[in-house]
1. About the Cα centre of the range 223-284, what is the dipole size in debye to 20, counting +1 per Lys and Arg Cβ and -1 per Asp and Glu Cβ, all else neutral?
2. Based on the Kirkwood radius over alpha-carbon pairs, what is the Stokes-Einstein translational diffusion coefficient of the range 135-254 at 25 °C with 0.890 mPa s viscosity, in µm²/s?
3. Using amide H atoms built 1.01 Å from N in the peptide plane, name the residues 5+ places from ILE207, or on other chains, whose amide H lies under 5 Å from its own.
4. If you average the alpha carbon positions of the range 106-174 and of the range 219-235, how far apart do those two centres end up, in angstrom?
5. With θ set to phi - 60° and the Karplus curve 6.51 cos²θ - 1.76 cosθ + 1.60, what are the ³J(HN,Hα) couplings of the range 400-405 in order, to the nearest whole Hz, using x for Gly and Pro?
6. State which stretch of the chain is the longest one without any exposed trypsin sites (Lys or Arg not before Pro), exposure meaning a DSSP loop state and at most 15 other Cβ atoms within 10 Å.
7. What is the distance, in nm, between label points placed 7 Å from the Cα along the Cα-to-Cβ direction at TYR145 and at ASP365?
8. With n ≥ 4 as the cut-off for DSSP H runs, can you work out [θ] at 222 nm for the chain, using -39500 (n - 2.57) per run divided by the number of residues, rounded to the nearest 500?
Amino acid sequence: MQNIILDSYVAKIHYFCSKSDGSTGFEMINLFRDISIRTKIKNIGVLVMENGSFEYGKSNQTFLKIYNQKKVLNILRNVELSRIELSSVSSLDKKTITNITKELLGKNQLKVIGHSTMGIGRPKEILGLNGDFTYCIGVDLGGSYISGIIMDFAGEVVCSHHVELSNHMEPDTLINISFNLIDNLLKKASMDLEQIEGIGISIPGFIDKATGLLILSENLPEWFNIPLKQIFEERYGLDTYIDDCSRLMAKAELWYGKGKGVKDFLVFDLGLGIGCGIVIDQKIYAGASGKSGEVGHTVVDVNGPLCTCGRYGCIESLASEWALLQQVNEALKNGTETILRQVMGESKESPTVRDIALAAELGDDYSTDLLIHTGKYIGVGISNAIGLFNPSKVIINGRLVHDNELLLNTILDTIKIETMPQIYEDTVIEESDIGLLASAIGAATLCLKKYY
C-alpha cells in the first residue's frame, strides 16, 4: 500500500525537482509532510531518483539543503542582496540563510559585493555570485557563421569570437573551425581548460539530447546523424551540452534578457532560417520530441517556392536569409535594375543582407520592395504564433533584422495589422537587447544547470 501511495507522488516530485526558479521550497516540504502522513513513514526524505523510482532514506535534510542552495543561487543570479533581504525573498529563516551563505562563500560560489548602511545596526554585507568560481564556453554553430563566448559563473561574457562562413561547408571542416574558435577564446581570455566547467553547443536542427546526436540540420547540408557531443567531449574532455539555437536564444532571454520575470513569451530567431523559442510558465517548451518552434516551416503559400524541408511555400522559403539572397542573386542574374552591384562592390560574388538594407536606405526600389515583401511574410508568421499561444511578450532577434530598420518596421506593422486586436493589445513586442550572441550565451548557460 505504501508503495502505491508513494508512486502516486512521483509526478509531483518530478515537477518540483525540475523547477529552477526558486519558488517551490515550501511546496516541497508540504509534499514530504503529506507523503509522511499518508504512509505513516517518519522522516521520509526523498533523496535519490534512479531509473524512475525513488530511494527513501532516514532524512530529507540533504535533499532540502541542496534544493535551498540552488534556490539561493537562483535568486542571487538575478539580484544582489543582504542576508536579511535574501531571507525575506526566499522565505527561508535567517539561520538557514546564514548557514547556506556561509557554505556557498566557502565554496567560492558567492562573494561579498559591498556593504549597505541602510537601516539600523552595523553595515550589512551585500552578496552576489562570484563570477570567478567557474567558466563556461558557448558555441553557436550557425549556417553561415560560428560565434563563441566564454561566460563566467555570474553570467557575464568574458570574451567572444566570431567567424563568417560559407553555408555549404562539410561537417568535418566546420567542426575543425569550431575547435579553432574555442582555442582562440581560451587565448583571448588567457585561460586553460582546467578553468572551464563545460561546453554548450547551439545549432539549428533536431537533436537527440540524451545522446548529443545531431539528427538533422536543414540549413547545414550534409549534417545528418553527427555525434556532436561525443566529438567535442573526446576533443576537450569536458561535459558538452547541445540544443537547438532558437530554444537557446529563448533561454538567454529568460535568464539575462527581456524575458526575465516574464511567465510566457516567444522569441523569434530570424536569420539564415526562421525559428521560434517558446517559454511557458518560465520553462523552455521543447515539444513532445524536442522539435518545437518550427514556425519557419509553416506554409503561407501553397504555390510558393520549394523549401529545404521538401515542401512548398513555407515562410522560410519566402522570407529567410537564404531565400532573400536567392531572390537577389536571381534578380542580378536577370539584369534587374538595382544599385546593389555598386553597393556590394566588385570583390563580392553575392550581396549580404546588410548590402540589401543599405541599398534600400539609399533609395533602391528593388531592395526596398524586397525587404517589405519579406517583412510581410515574417509578420504573418509571427502573428499566427501570437494567435496560437497568446504570449504576454514577443522578442525579436537574429541577423536578418540586425541593423535593418525597414525590415523590422515592416514586420512590426504587419503583426499589428494581421493579429486580432483583442490579442494584439495584450502582447508586448520588443527587439532583443542581448543581440547576436544570444544563442551562444544560452548554450553556455546549459553548463550551469547543475548549480541552478
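1. 200
2. Working: Rh = 14.4 Å.
Rounded to a whole number, D works out at 171 µm²/s.
3. Placed amide hydrogens put ILE215 under 5 Å from ILE207.
4. After rounding, the separation between the Cα centres reads 25 Å.
5. Values per residue, Gly and Pro as x: 5, 9, 5, 6, 9, 4 Hz.
6. Here the longest run is 108-208.
7. 3.3
8. -13000 deg cm²/dmol
Every read-out reported here was derived from the displayed coordinates using simple, explicitly stated rules and does not represent laboratory data. Note that the coordinates shown come from a computational prediction; the quantities given were computed from them, not determined experimentally. FYI the Cβ positions are ideal-geometry reconstructions off the backbone, even for glycines, and counts take in every protein chain you see.
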